[in-house]
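Peer 1: I am attaching a structure below and will ask some questions about it afterwards.
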């Protein structure tokens, strides 16, 4: 595993690579799992990527920035990067998790990447964490943003919801204002009767897309 960063406190890295299944099997040793570091790393990852794309794309709307960030920091992307850095090879897993293929499970690898980010932040500060995150993701941001016009918020939201629910997403135009030649529409997107997001646009389609983008941000 080559992170491009040398830890001063190597226990932080050890904890970042410790899955809860391993910690649970070694409770008598007082081993801490990586869940707290994952929580911290997730927040730092969102801040660094958000700050970067905010500065890089000054003319983009909030909706577009939100979609790009969601595409970059998703589980699939983080797991891909974790495999490239061979983080999965050095994970400490419980016997059951090891047997059932946990070392290649995307959710576990992605969580470990976030935990490593949290550990680097605690060990070396925000600048070193930023170096690590951007070194890992800048090229991916360039690739995704280059074809960004093809990213559709409604489709992305549908894919997110369908992972956990069989119930459909519904869109409703909740308001319509302005003169005929310059109308503005407001849309709401709902799932199981709950409003996930609202959006405004010059057309019904644009309003629905912006509602979906807000829903993605909330999720």
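None of the figures in this text is laboratory data; all of them are computed from the coordinates on show. All of these numbers come straight from a predicted model, not from anything done at the bench. Backbone-built Cβ (ideal geometry, glycine too); neighbour counts: all protein chains shown.
Peer 1: Could you tell me the center-to-center distance, by alpha carbons, between region 11-76 and region 79-140 in angstrom?
Peer 2: Each part's Cα centre sits 9 Å from the other's.
Peer 1: With the cut-off at 1.5 for a/c, could you classify region 104-149 from its C-alpha gyration tensor as rounded, prolate or oblate?
Peer 2: Cα axes put region 104-149 in the oblate bin.
Peer 1: Using a 10 Å cut-off on Cβ atoms, rank the peptides 20-30, 77-87, 205-215 from the highest mean neighbour count down.
Peer 2: 205-215, 77-87, 20-30
Peer 1: Treating the angle as unsigned and between 0 and 90°, give the value, to the nearest 10°, between the Cα long axis of helix 75-84 and the longest Cα principal axis of the chain.
Peer 2: 40 degrees
Peer 1: What order do you get for 160-166, 12-18, 170-176, 120-126 when each peptide is scored by the mean count of other beta carbon atoms within 10 Å, highest first?
Peer 2: The packing order, highest mean first, is 12-18, 120-126, 170-176, 160-166.
Peer 1: Within region 170-186, name every residue whose backbone N is under 14 Å away from a label modeled 7 Å from Cα of residue 219 along the Cβ vector.
Peer 2: Those under the cut-off are 170-171.
Peer 1: In addition: Between residue 200 and residue 174, 0.36 nm times their residue separation minus their Cα-Cα distance comes to what?
Peer 2: 8.4 nm
Peer 1: Run the simple label-point estimate for residue 138 and residue 100 please: 7 Å along Cα→C-beta, distance reported in nm.
Peer 2: 4.0 nm
Peer 1: Please give, to one decimal in nm, the separation of the simple spin-label points placed at residue 182 and residue 11, each 7 Å out from Cα toward the Cβ.
Peer 2: Once both label points are built, they end up 6.5 nm from each other.
Peer 1: Which of the three applies to region 1-73, rounded, prolate or oblate, going by the alpha-carbon gyration tensor with a ≥ b ≥ c and a/c under 1.5 meaning rounded?
Peer 2: Here region 1-73 falls in the prolate category.
Peer 1: What value, in deg cm²/dmol to 500, does the helix sum -39500 (n - 2.57) over DSSP H runs of n ≥ 4 give at 222 nm once divided by the residues of the chain?
Peer 2: The per-residue figure over the chain is -18000 deg cm²/dmol.
Peer 1: With the crude spin-label approximation of a point 7 Å out along Cα→Cβ, what separation in nm comes out for residue 43 versus residue 74?
Peer 2: Modelled inter-label distance: 2.6 nm.
Peer 1: Something else about it: Beta carbons within 10 angstrom, averaged per residue: use that to sort the peptides 31-39, 51-59, 111-119, highest first.
Peer 2: Averaged packing, sorted descending, gives the order 111-119, 31-39, 51-59.
Peer 1: Right, next: I need the Debye-formula profile for region 10-150: one equal scatterer per C-alpha, no solvent, reported as log10 I(q)/I(0) at q = 0.15, 0.16 1/Å, two decimals.
Peer 2: Debye intensities relative to I(0), on a log10 scale: -0.73, -0.81.
Peer 1: Something else now. How long are the semi-axes of the ellipsoid equivalent to region 153-218, from square roots of 5 times the Cα gyration tensor eigenvalues, in whole Å, largest first?
Peer 2: Each semi-axis is the square root of five times an eigenvalue, giving 24, 11, 8 Å.
Peer 1: Could you tell me what percent of the DSSP beta bridges with both partners in the chain are antiparallel, to the nearest 5?
Peer 2: Percentage antiparallel, nearest 5: 95.
Peer 1: Moving to a separate point now. On full extension of the chain, what length is gained from residue 57 through residue 26, given 0.36 nm per residue of separation minus the C-alpha to C-alpha distance?
Peer 2: Additional length available on full extension: 6.4 nm.
Peer 1: Rounding to the nearest 10 and keeping the result within 0 to 90°, find how far the Cα-based axis of helix 62-72 lies from the longest principal axis of the chain.
Peer 2: The angle comes out at about 30 degrees.
Peer 1: Another question about this same structure. On a 0 to 90° scale, report how tilted helix 153-162 is relative to the longest principal axis of the chain, with both axes built from alpha carbons and the result rounded to the nearest 10.
Peer 2: 50 degrees
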